[in-house]
Amino acid sequence: MTQILIKNGYVFDPLNGIKGEVTDIAIKDGKIVDPRELNPEEGITVINASGKVVMPGGIDIHSHIAGPKINIGRMMRPEDHYTTNKPGVFPYIRAETGLSTPNVFRIGYEYAIMGYTLVAEPATPPVMTRHTHHELNAIPIIDKMAYVVVDSNWMLLDLITNNDPKLLAAYLSWILKATKSYALKLVDPGSDFAWLLQGRGLDISDELPVYNFTPADIIKSIAEAAQVLNLPHKLHVHCNRLGFPGNYATTLRTMELALNIHRVSEGLALHVTHVQFTGYKGDSWSTLESGGEEIAKELNSNPYVSLDLGQAIPDRAVTTMTADATFQFVLYHIMKNKWYSSDIESDGASGIVPYKYKKKNYVNTVQWVIGLEVALLARDISRVFIATDHPNAGLFTDYPLIFAWLMSKKARKIP
Ligand SMILES: [Zn+2]
């Protein structure tokens, strides 16, 4: 039997309306109980938390922490590791290294320091997921889970063509079970298929090559299968046209799809991820504006969608990595430095390109604004998740900065 008493901390528990009350939290056998239920005769571990915050463990629903992309990123960025090596001190900690592509030990320690207890790896290709789990298992302290990428899977595209929703749901259920994944992920739906065959991406209403349906049809079919399966996190969508000016319109149309999904189970219908990267208004980089206000308006009027920010962090060197190979091809031609591109058993594709966000870069400044604008204008913040799409728009270790920007106008005035 374990008994823990956390004393005198500032307790925050939004679900129970507790906002910074100084109180004690008692834990017995892994469950929070009334402090009077602890038995002093059986030994109590007392933690003095005075002056500190006590809160439920943080959950990061989108952070690339494991899988083949991360390992390639580590190999591509030796400069990310030179200055960060920290030797392990037996038997307490193990060696740490890396900033935007940290090693497994650093990932666990840094998340734990920030108070996070659960992190989702948001894009694991089915055939590579055994590797993803090996890496997740090596990350200490925190709990981990993975979303499996199913947007350009050939068998799945055949099942959508055959218009057999039951068989589609059964197939997705099997993929989730076989890969031990928590949720279904779509990356630029249909685009990897078009990329592999024709070297191009797709907007939400473009027809896929070979198949006569659109990315919108893929989203709707899989979202409805997720309803049938009653998944706790229904469908995690990286919108089409990510990273291209004017793409906020595609994001709005993706969010609107949630209204037409046949709902047979509880909860939200869609989650739109790293909305900063798909919140661009304007028709070129020089006329770029934030589409954050329009996205926040859609979120406020559409109760079936949640989103995360993909918040950009000024002056941060990052390693962009995504199953959106089409966009990485474009980014490589902007950066003209390193580029890794991979086709994964015809099931998907991905790319990796190092990048640096700059305070004086106009586009980067607009990117910084979009994430914050969406969060500040959202009325139901329980459907808005803080994330940097680590390591794409910033690092997960940058989260305290984002919280400061959202809490304080003064903090937002970056010099
Ligand atoms: Zn991502």
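Per-residue answers, yes or no, for (1) more than 16 Å from the ligand (Cβ to nearest atom); (2) in contact (Cβ under 8 Å) with a residue 60 or more places away in the chain; (3) in the same structural domain as His238 (by TED's automatic domain parsing); (4) at positive phi:
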residue: Val318; (1), (2), (3), (4): no, yes, yes, no
residue: Thr322; (1), (2), (3), (4): no, yes, yes, no
residue: Val353; (1), (2), (3), (4): no, no, yes, no
residue: Thr365; (1), (2), (3), (4): yes, no, yes, no
residue: Ile386; (1), (2), (3), (4): no, yes, yes, no
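Please specify each residue of the stretch 324-339 satisfying the condition of being more than 16 Å from the ligand (Cβ to nearest atom) and either within 26 Å of Leu235 (Cβ to Cβ) or surrounded by fewer than 17 Cβ atoms within 10 Å (Cβ to Cβ) (or both).
Once the filter is applied, which keeps residues that are more than 16 Å from the ligand (Cβ to nearest atom) and either within 26 Å of Leu235 (Cβ to Cβ) or surrounded by fewer than 17 Cβ atoms within 10 Å (Cβ to Cβ) (or both), the stretch 324-339 yields Phe329, Val330, His333, Ile334, Met335, Lys336, Asn337, Lys338, Trp339.
Considering only residues that are in contact (Cβ under 8 Å) with a residue 40 or more places away in the chain and in a helix (DSSP H, G or I), which ones fall in the stretch 28-48?
Glu42
Can you name every residue in the stretch 387-401 that is within 22 Å of His236 (Cα to Cα) and not acidic (Asp, Glu)?
Filtering the stretch 387-401 for residues within 22 Å of His236 (Cα to Cα) gives 387-396, 399.
Within the stretch 387-401, Ala387, Thr388, His390, Pro391, Asn392, Ala393, Gly394, Leu395, Phe396, Tyr399 meet the criteria.
Taking only the stretch 253-269 into account, find how many residues are over 19 Å from the mean Cα position of the chain (by Cα) and open to solvent by 40 Å² or more (accessible area, probe 1.4 Å).
Here the count works out to 8.
Going through the stretch 58-68 one residue at a time, which ones are at pLDDT 95 or above and either surrounded by fewer than 19 Cβ atoms within 10 Å (Cβ to Cβ) or not in a strand (DSSP E or B) (or both)?
Gly58, Ile59, Ile61, His62, Ser63, His64, Ile65, Ala66
Here are some conditions: (1) touching a strand residue (DSSP E or B) at 6+ places or on another chain (Cβ under 8 Å); (2) at pLDDT below 95; (3) within 16 Å of the ligand (Cβ to nearest atom); (4) over 30 Å from Ile93 (Cα atoms). Ser191 meets all but one. Which one does it not meet?
(1)
Can you go through Glu96, Glu110, Glu121 and tell me which one is within 16 Å of the ligand (Cβ to nearest atom) and charged (D, E, K, R)? Can you show your working first?
Working: Glu96 fails: within 16 Å of the ligand (Cβ to nearest atom); Glu110 fails: within 16 Å of the ligand (Cβ to nearest atom).
Exactly one of Glu96, Glu110, Glu121 is within 16 Å of the ligand (Cβ to nearest atom) and charged (D, E, K, R), namely Glu121.
Quick check on this structure: which one of Gly9, Gly115, Gly30 is out of contact with any Ser or Thr (no Cβ under 8 Å at 6 or more places or on another chain), within 30 Å of Ser306 (Cβ to Cβ) and small (Gly, Ala, Ser)?
Gly115
Kindly provide the set of residues from the stretch 270-295 that are on the phi > 0 side of the Ramachandran plot and crowded, with 20+ Cβ neighbours inside 10 Å, ordered by number.
Selection gives His274 alone.
Among the candidates Val11, Val89, single out the residue that is aliphatic (A, V, I, L, M) and open to solvent by 30 Å² or more (accessible area, probe 1.4 Å).
Matching residue, one of Val11, Val89: Val89.
Given the criterion under 21 Å from the mean Cα position of the chain (by Cα), away from the ligand (no atom under 14 Å from the Cβ) and among the aliphatic types (A, V, I, L, M), identify the matching residue among Met155, Met128, Met55, Met75. Full working, then the answer.
Numbers: Met155 fails: under 21 Å from the mean Cα position of the chain (by Cα); Met55 fails: under 21 Å from the mean Cα position of the chain (by Cα); Met75 fails: under 21 Å from the mean Cα position of the chain (by Cα).
Selected residue: Met128, the only one of Met155, Met128, Met55, Met75 that is under 21 Å from the mean Cα position of the chain (by Cα), away from the ligand (no atom under 14 Å from the Cβ) and among the aliphatic types (A, V, I, L, M).
If we keep just the residues of the stretch 221-252 that are open to solvent by 30 Å² or more (accessible area, probe 1.4 Å) and in contact with a Ser or Thr (Cβ under 8 Å, 6 or more places away or on another chain), which is nearest to the ligand (Cβ to nearest atom)?
Step by step, filter the stretch 221-252, then rank; the result is Arg241.
Select from the stretch 143-179 the residues that are open to solvent by 40 Å² or more (accessible area, probe 1.4 Å) and in contact with an Asp or Glu (Cβ under 7 Å, 6 or more places away or on another chain) and write down the one among them that is modelled with the highest pLDDT. Full working, then the answer.
Step one: filter the stretch 143-179 for residues open to solvent by 40 Å² or more (accessible area, probe 1.4 Å), giving 143-144, 154-155, 158, 161-167, 170, 173-174, 177-178.
With the extra rule that they be in contact with an Asp or Glu (Cβ under 7 Å, 6 or more places away or on another chain), the set shrinks to 144, 165.
Details: Lys144: 98, Pro165: 92.
So, considering only residues that are open to solvent by 40 Å² or more (accessible area, probe 1.4 Å) and in contact with an Asp or Glu (Cβ under 7 Å, 6 or more places away or on another chain), the one modelled with the highest pLDDT is Lys144.
Show the residue pairs that are 6+ apart or on different chains and have beta-carbon atoms under 6 Å apart, the first residue being within the stretch 274-299 and touching a residue at least 40 places away in the same chain (Cβ under 8 Å), the second being surrounded by fewer than 24 Cβ atoms within 10 Å (Cβ to Cβ) and acidic (Asp, Glu).
These pairs meet every condition: Ser290/Glu373; Gly292/Glu373.
Restricting the search to the stretch 14-53, which residues are hydroxyl-bearing (Ser, Thr, Tyr) and open to solvent by 50 Å² or more (accessible area, probe 1.4 Å)?
Here is the first cut: in the stretch 14-53, the residues hydroxyl-bearing (Ser, Thr, Tyr) are 23, 45, 50.
Hits for the stretch 14-53 are Thr45, Ser50.
The values are calculated or read from the model by the stated rules, or taken from the named source; none is laboratory data. What you see is a predicted model; the values in this text were computed from it and never measured. So basically every Cβ, Gly included, is an ideal-geometry build from the backbone, and we count neighbours across all protein chains shown. Side chains are part of the model used for accessible areas, which takes the heavy atoms of the whole protein and leaves out ligands, DNA and RNA. Shrake-Rupley method; radii C 1.70, N 1.55, O 1.52, S 1.80 Å.
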